[in-house]
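The values are calculated or read from the model by the stated rules, or taken from the named source; none is laboratory data. Every value quoted in this text rests on a predicted model; they were computed, and no experiment measured them. Cβ coordinates were reconstructed from backbone atoms using ideal geometry, including for glycine residues, and neighbour counts include every protein chain displayed. Protein only, heavy atoms only, side chains kept; ligands, DNA and RNA dropped before computing areas. Shrake-Rupley method; radii C 1.70, N 1.55, O 1.52, S 1.80 Å.
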Amino acid sequence: MQTNNPAYEYLAEALQKSGQDVAAVKAALKAQHIETPSWGYGNSGTRFKVFAAAGAARNVYEKIDDAAFIHRLTGVAPSVALHIPWDKTSDWSGLRQYAAERGIALGAINPNLFQDDEYKSGSVCHPDPVVRRRAVDHMLECVEIMRATGSRDLSLWLADGTNYAGQDSIRARKHRLEEAACEVYRRLPEDARILVEYKFFEPAFYQTDLADWGMAASLSRKLGPQAKVLVDTGHHAPGTNVEHIVAFLLDEGLLGGFHFNARKYADDDLIVGSVNPFELFLIYNELVGAAADSNPMVSGCAQDVAYMIDQSHNIEPKLEAMLQSVVNCQVAYAKALLVDRVALAERQAAEDVLGAHRVLTDAFETDVRPLLAQVRAEMGVPENPLAALAASDYPKKVAAERGAAEGGSGGYPGA
Ligand code: PSV
Ligand code: MN
């Protein structure tokens, strides 16, 4: 196909010469989906300060407007995740229609089991059955919301844990968690899923009830095939090999989704791909490799992953931060699609340690911007979404309309 994009023509020719199926790569990029989080559009902050941002979304309707804007700029962000009760409304079908009229869908439903006073000692792991009942009822309410919104995934993250050794029985807490999760699982709609998210610290600092992927995998297995593990990239100890966890979960058919963000020290919720783009590329590399696996359980799992962003933008302009995040995911995926898998297998079989490594770095070092510009042109969206954002009136318009709301309408401190 002749285009007016010489940089793309040059790249496409080079890729074709090296045996790449450029049409297939472009088709995969056009089919990419990244779900953005409603809470990333509102004000958020740390426990030290919430800086009010001009134009930050103040309610779920404005969050949907912003998510739809990001989708218009990229074509690959067609749904928005909701957090309950931050995004609660009395008219779910009206909200669903509002989103549909703006070209997006309502995505994963995230129950909030961490903000009520009753949850000081936990939610579903709490020693008091009355508090556990309240937590389960909230999750069941979220299951009903899923039916109304047409959402497929219930993303389950618990803040449960203890701060001091001996504070509670770790095994009793495990049993309470399993009992509660089973009750919710049994009430899931037929084609829905529960995605079990883990995190090894915060807000509990001695022990967290769902601390790592192994605990999330064990719970998912006990629940059944509609339960999968959710990997939030910020929820690992420094130095953890996240792509290994991804590969392992894929191979077990247990990976259900991602919460993408980046971290330097803790759960910093920075823009995905900003701190360690190589790690993001390696995660996508595992997903692309598994999607072509000869074992249908593995390839099926890789093709059914929910890609969601989970970030809070404390000092960054909200829309620019979200857009940059989506673009970073596109770049990482494009590079992963360019990995020469035949050469990789050959180098691995030949025990060519660095030759195999270079197959990956060759793909990682490819400048995929002309390829993405071409894909976007073919999709009918701006070739350079960040430049389109800079030229757009939308941020100025919402800043004028919304002003700078105090507090955390994203649901964070001050909300
Ligand atoms: C917890 O750190 C988390 O990653 C969970 O996904 C929450 O739902 C989200 O952040 C927003 O607080
Ligand atoms: Mn998360």
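Computed over neighbours whose Cβ is under 13 Å from that of Cys301, the net charge equals -3, Lys and Arg +1, Asp and Glu -1. For region 71-187, the solvent-accessible area with a 1.4 angstrom probe is 45 square angstrom per residue.
Under the combined filter of DSSP loop state and at most 15 neighbouring Cβ atoms within 10 Å, region 240-340 retains these trypsin sites (Lys or Arg not before Pro): Lys264. Taking the longest Cα principal axis of the chain as reference, the axis of helix 92-101 is set at about 20 degrees.
What's the longest piece of the chain with no exposed GluC sites (Glu not before Pro), counting a site as exposed if DSSP puts it in a loop and it has at most 14 other beta carbons within 10 Å?
1-189
Taking label points 7 Å from Cα along the Cα-to-Cβ direction, Glu406 and Lys174 give a separation of 4.8 nm.
Accessible surface for region 229-277, divided over its residues, is 34 Å² per residue with a 1.4 Å probe. The loop-placed trypsin sites (Lys or Arg not before Pro) in region 1-107, going by DSSP, that have at most 13 neighbouring Cβ atoms within 10 Å of their Cβ come out as Arg47, Lys49. For the cross-link pairs Lys30/Lys228; Lys63/Lys397; Lys318/Lys397; Lys17/Lys335; Lys49/Lys318; Lys30/Lys335, the ones whose C-alpha atoms lie over 21 Å apart are Lys30/Lys228. Note on Lys30 and Thr361: the extension gain reaches 116.8 nm, defined as 0.36 nm multiplied by sequence separation minus the Cα-Cα distance. Going toward the positive end of the dipole of the chain, with +1 on Lys and Arg Cβ and -1 on Asp and Glu Cβ, which of Ala180, Leu249, Tyr8 do you reach last? Going by the charge dipole, the pick is Ala180.
Would you work out the relative contact order for the chain, in percent, from Cα pairs under 8 angstrom that are 6 or more residues apart?
So the answer I get is 23 percent.
Annotation note: chymotrypsin sites (Phe, Trp or Tyr not before Pro) in region 236-344 located in DSSP loop regions with a Cβ neighbour count of at most 12 within 10 Å are Tyr265.
Which order do you get for Phe205, Phe51 if you rank them by accessible area with a 1.4 Å probe, largest at the top?
The most accessible residue leads, giving Phe205, Phe51.
For the chain, the square roots of the Cα gyration tensor eigenvalues, ordered a ≥ b ≥ c, give a/c of at least 1.5 with a/b no greater than b/c, which places it in the oblate category. What residue among Val353, Val184, Val398 has the largest mean-square fluctuation in a Gaussian network model of the chain, using Cα springs under 10 Å? Evaluated over the chain, the most mobile residue of the options is Val353.
Mean residue ellipticity at 222 nm from the helices of the chain, using -39,500 (n - 2.57) per DSSP H segment of n ≥ 4 over the full residue count, to the nearest 500 deg cm²/dmol?
On the way: 16 runs with 195 residues, N = 415.
Per the formula, -14500 deg cm²/dmol.
Amide H contacts of Gly161: Asp209, each under 5 Å away and 5 or more positions distant or on a separate chain (H built 1.01 Å from N in the peptide plane; Pro and chain starts excluded).
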